[in-house]
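Shown next, in structure tokens, is the structure this report addresses.
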Amino acid sequence: MNNSHLKLLILPLIIVIITLIVTVAIMAPLIPLPLSDLILDGTIFGLLLAILNFLLKEIIRYSNYKSLPIIQQIVNYGALAILFVLSWVGISFLIVYIVSPENAMNYVLPTVPIRITLALLSYGLLILLYGYIFTQNQEEEVSIDIDVEHTTDIESSEKAMTNEDSSESEILEHIAVKNGQKIDLIFINDIISIQAEGNYVMIFTPKGKYLKEQTMKYFGDHLPANKFVRVHRSNIINIDYIQRIELYEKQSQMLKLQNNLQVKMSIAGYKELKRVLNL
């Protein structure tokens, strides 16, 4: 339980005690009644204030008057003040009339202006108090929401980065290719070469060729680096299927692969192939 909720729980008890003390202290010189009657009057006054305090708290919590134009705020708070004062003073007088001696009302009625003043002061203090408490609560909730959202964003980012790193480091063992109503499973060892075809790639195997919607970069990142070399921006080859390397043009080489496949190499691709083959 936070401090704000604790304040809201103990506040009614404090209100009853303070109202009792203030009422007895103010009324004792003005009303020639026994101390027991004054204490009863103060207790009734305090209990009523505690009940009205609870109702006022709920009204302020959910009314959101501060979002209204200033004129509307004045009208609403003014109407609420009139209702608060009439309820507090009127009901307390009714209870005093019922439980007190008949002549007690003759002494209590002249104190109406003082009671109205006390009611207005109490109303103003409660409005300020609850306005402050609920504003603090809203700020704490916003701060918590921001922290939670920030933490969630960080966790999501970390998770995304982890997934991305995991995805990038994952080495393929086979490739699934949709072939009409069927799905063909191509094992990595059966791939001779992969060739770019726009937004697709053509996968060559001893059994035939397969078209798959995927990027060359994906296969470059997910195929075993010790077996597959990207010898050209549009070609990845499996070194197990190399038959020979021939000079194609000046400073250009051509790879002869099994199944009579020929793949032209770039200068950078040739260097990478030599590195993998330890040439």
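Where a number appears in this text, it was derived from the coordinates with a stated rule and is not lab data. These numbers were taken from a predicted model, which means no experiment stands behind them. Reconstructed Cβ throughout: ideal geometry from the backbone, glycine too, with neighbour counts over all protein chains shown.
So here's what we get for this one:
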read-out	value
Amide H within-cut-off set for residue 197, under 5 Å, with H built and near neighbours excluded	202
Long-range amide H partners of residue 192 with built H, under 5 Å	204, 205
Cross-link pairs 227/256; 212/271; 207/274; 182/207; 178/264 - those with Cα-Cα distance over 26 Å	212/271; 207/274; 178/264
Size of electric dipole in region 184-279: Cβ of Lys, Arg +1 and of Asp, Glu -1, about Cα centre, debye, nearest 20	320 debye
Rg/Rh for region 203-256, where both radii come from Cα atoms and Rh is the Kirkwood radius	0.98
Table column - 3J(HN,Hα) (Hz), region 229-244, Karplus curve with 6.51, -1.76, 1.60, x for Gly and Pro	10, 8, 7, 7, 4, 10, 8, 10, 10, 9, 5, 5, 9, 6, 9, 6
Full-stretch length increase - residue 59, residue 227 - with 0.36 nm per residue and alpha-carbon distance subtracted	53.1 nm
Region 168-279 - Rg over Rh from alpha carbon coordinates, Kirkwood radius	0.96
